[in-house]
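Presented below is the structure to which this report refers.
Just so it is clear, none of the values below were taken in a lab; they were calculated from the coordinates. Only a predicted model underlies this, so the values are computations on that prediction, with no experimental measurement involved. All Cβ positions, glycine included, derive from the backbone under ideal geometry; neighbour counts span all protein chains shown.
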Amino acid sequence: MNPPETNDPLDALLRAQDTHVEDGGFTTRVLAALPRRRPWLRPTLLLGATVIVAMLAAWWLPWENLFPLGSPALLLLSPKALLPWLLLIAAVSSLVTGAMAVFRWED
């Protein structure tokens, strides 16, 4: 492998001139052709998905199978009693994480 060139004329020219290199309008044309950014789109989609998942979770979670928190079955760590509560905790934590991602997003 060859060592990097230390006397690169282009590098020396760019270091000597700290001004704009004339490119015949190339930079302006490239910047004009770039797609426009929509900073509102990602948080909106993420918040919309979070709301939809919250509604689906409220509809599909097994509410009738939830044992009361003071139930002896929960205290004995019965899988039949713990599974609905674990599903509920997983759904709520996912929704909270999604909502936090919406509000912490930076461009």
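What nm value, rounded to one decimal, do you get for the distance between W60 and T27 when each label is placed 7 Å out toward the C-beta?
5.2
Can you work out D for the chain in µm² s⁻¹ from Stokes-Einstein, where Rh is the Kirkwood radius over C-alpha pairs, the temperature is 25 °C and the viscosity is 0.890 mPa s?
122
Arranged by the count of other C-beta atoms within 10 angstrom, fewest first, what order do W63, W85 take?
W63, W85
Within the range 35-107, list the trypsin sites (Lys or Arg not before Pro) lying in a DSSP loop whose Cβ has at most 16 other Cβ atoms in a 10 Å radius.
R36, R37
If I build a Gaussian network model for the chain, linking alpha-carbon pairs within less than 10 angstrom, which residue out of A54, A12, A81 has the largest mean-square fluctuation?
Of A54, A12, A81, the Gaussian network model singles out A12 as fluctuating most.
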